[in-house]
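Just so it is clear, none of the values below were taken in a lab; they were calculated from the coordinates. What you see is a predicted model; the values in this text were computed from it and never measured. Neighbour counts run over all protein chains shown; Cβ positions are idealised from the backbone, glycine included.
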Amino acid sequence: MTKKQRKILYPTIFISGLFLMAWQVTIFRNTIIDLSILIGIILIVGIIAFVLDFKNYGKTYKYSGIGLYLYSSMHYIFGYGFIACSIFMLTNFYLAEKEPMKKSYKIVERSSLPGSKHHRNERKPTFRINYDGKIKELVFQHKYYKKMEFYKNVELEIRKGYFGFDILENKRLN
């Protein structure tokens, strides 16, 4: 691969990784998975890509010293690591079992998040549940915010993901 091609490839992979990670956040909110697993995938893939391709990165850009290591590791972790993590999450999500099962969970804690950019005052309620020994935070629409103290449990439709991590299909407050 030529230097000119690599100068196009590296930023493309970096930006693709960032976009996929932003999309992955919505999938993460609907998946029961430990955050340390995802961070592990990101770091392992990023480090492997760093080891395998660092010489090419150094030949492509004119960084030196600590800057070379900082920028290259950032590219590899945010680019390759985020892409690999997104592929893992998307595969688990979209290749999940078809039939959901219903379960009900007691609400352990309540809080809220600010709304979107132009609707900051429209807070979104969040409810934490104990999902089989793990605390999972569920985010709901603004319309549930005023009555958030009245809800006692959450009813979930759950599918088993491709890699065994549960997918939350539908959420309903009771």
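Against the empirical 2.2 N^0.38 Å (N residues), the chain has a Cα radius of gyration ratio of 1.30.
Once backbone amide H atoms are built at 1.01 Å from N, residue 131 has 136 as its partners under 5 Å, excluding neighbours fewer than 5 places away on the same chain.
Take the Cα of residue 132, go 7 Å toward its beta carbon, and the backbone nitrogen atoms of the range 68-109 under 20 Å from that spot belong to 88-108.
A cut-off of 5 Å between modelled amide H atoms, ignoring neighbours fewer than 5 places along the same chain, links residue 33 with no other residue.
Taking the fewest neighbouring Cβ atoms within 10 Å as the starting point, the ordered list for 70, 9, 173 is 70, 9, 173.
Rounded to the nearest 20 debye, what is the charge dipole size of the range 3-94 about its Cα centre when +1 sits on each Lys and Arg Cβ and -1 on each Asp and Glu Cβ?
Working: 8 positive and 2 negative charges, 119 e Å.
Dipole size: approximately 580 debye.
Whole-Hz Karplus values for the range 68-85 come out as 4, 5, 5, 5, 5, 5, 4, 4, 5, 6, 6, x, 5, x, 5, 5, 5, 5 Hz, taken residue by residue from phi with 6.51 cos²θ - 1.76 cosθ + 1.60 and θ = phi - 60°; glycine and proline positions read x. Close amide H contacts of residue 123 (hydrogens built in the peptide plane, cut-off under 5 Å, sequence separation of 5 or more or a different chain): 115. In this Cβ point-charge picture (+1 for Lys and Arg, -1 for Asp and Glu), the chain has a dipole of about 580 debye about its Cα centre. For the range 16-119, the convex hull spanned by the alpha carbon atoms encloses 177 Å³ per residue. Of interest is the spacing of the C-alpha centroids, which for the range 106-174 and the range 3-50 amounts to 25 Å. Classify the range 77-174 as rounded, prolate or oblate from the Cα gyration tensor: take a ≥ b ≥ c as the square roots of its eigenvalues, call it rounded if a/c is under 1.5, otherwise prolate when a/b beats b/c and oblate if not. Oblate is the answer for the range 77-174, as a/c is 1.5 or above yet b/c matches or exceeds a/b.
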